[in-house]
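> I'd like to ask you about the structure that follows.
What follows draws every value from the coordinates through simple rules; no lab data is involved. Because the structure is predicted, anything quoted here is derived from the model rather than measured. Note: ideal-geometry Cβ built from the backbone for every residue, glycine included; neighbour counts use all protein chains shown.
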Amino acid sequence: MHIVLVEPEIPGNTGNVARLCAATNSELHLVKPLGFSIEDRYLKRAGLDYWHLVKVHIHESFAEVAATYAGHNFYFNTTKASKHYTEMTYQTDDFLVFGKETAGLPEALLAANHENCIRIPMLNEARSLNLSNAVAIVVYEGLRQQNFINLR
C-alpha cells in the first residue's frame with residue numbers, strides 16, 4: 001500500500017509512519033512543504049533504524065502524486081467524511097492520503113474526491129486522532145482485507 005502525508009508538520013509523527021511503512025512494506029509519499037527537514041534528528045529517531053526498509057517519495061504537490069499515479073485508488077482520510085474506513089475495499093496499490101496535523105486535508109481536495117473520503121469513528125468531542133495512530137488504523141484494515149499478504 002501507499003501512504004501519502006500531505007504537508008506533514010511534526011517530525012515524530014512522520015518518523016512513526018515511516019516505521020509503520022517499514023513493518024508493513026508500504027511506500028511513503030511526502031508532499032511538500034514539509035514542516036521539518038528530512039535530516040531532522042527527531043524524524044530519524046522516531047523511525048529508529050528502519051529507514052533503510054522504507055521506500056520514500058518526495059513530491060512537490062498532491063497534484064504531482066495524483067498525476068504520477070493516475071488510475072490508482074486514492075482514499076482521503078478526514079473527520080468530515082460520512083463513510084467509515086472499514087466500508088472500503090482496499091487493494092495492494094491503493095493510496096491512503098492524510099493531511100497535516102493542524103488542519104487536515106484541504107477542503108478543495110476533499111470536495112473533489114467526496115466519494116473516496118473516509119473517517120475513523122470517534123466521539124465528536126475528541127476532534128481527531130494523532131496522525132501516526134490514524135495511519136496505522138487504516139493501513140492495518142487494508143492489510144487485514146488482503147489477508148496480510150507478504151507479512152508473517
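> Kindly work out what percent of the DSSP beta bridges joining two residues of the chain are antiparallel, to the nearest 5.
The antiparallel proportion sits near 5 percent.
> Report, in debye and to the nearest 20, how large the dipole of region 2-145 comes out about its Cα centre when Lys and Arg carry +1 and Asp and Glu carry -1 on their Cβ.
Around 300 debye, computed over region 2-145.
> Along the Cα→Cβ direction, 7 angstrom out, place labels at M122 and R144. What is the inter-label distance in nm?
1.7 nm
> Want the number for R41 to A70: 0.36 nm per residue separation, take away the alpha-carbon distance, what's left?
Contour length minus Cα-Cα distance gives 7.0 nm.
> Cut-off is 10 Å between beta-carbons; in what order do L20, L123 appear when sorted fewest neighbours first?
L123, L20
> Using r as the Cβ-Cβ distance of H52 and I137, and R0 as 25 Å, what FRET efficiency do you calculate, to the nearest 0.05?
0.45
> Next question. Quick one: 3J(HN,Hα) in Hz for region 92-99, Karplus 6.51/-1.76/1.60 with θ = phi - 60°, rounded, Gly and Pro as x.
After applying 6.51 cos²θ - 1.76 cosθ + 1.60, I find 4, 9, 6, 10, 9, 10, 10, x Hz.
> Hey, another quick one. In whole Hz, with x marking every Gly and Pro, tabulate ³J(HN,Hα) for region 138-152 from phi via Karplus 6.51 cos²θ - 1.76 cosθ + 1.60, θ = phi - 60°.
Per residue, the Karplus-derived 3J(HN,Hα) values read 6, 4, 5, 5, x, 5, 4, 4, 9, 6, 6, 3, 6, 10, 9 Hz.
> Determine, for region 2-145, the count of lysine pairs separated by eight or more sequence positions (or lying on different chains) whose alpha-carbon distance falls under 28 Å.
Lysine pairs satisfying the spacing and distance rule in region 2-145 number 10.
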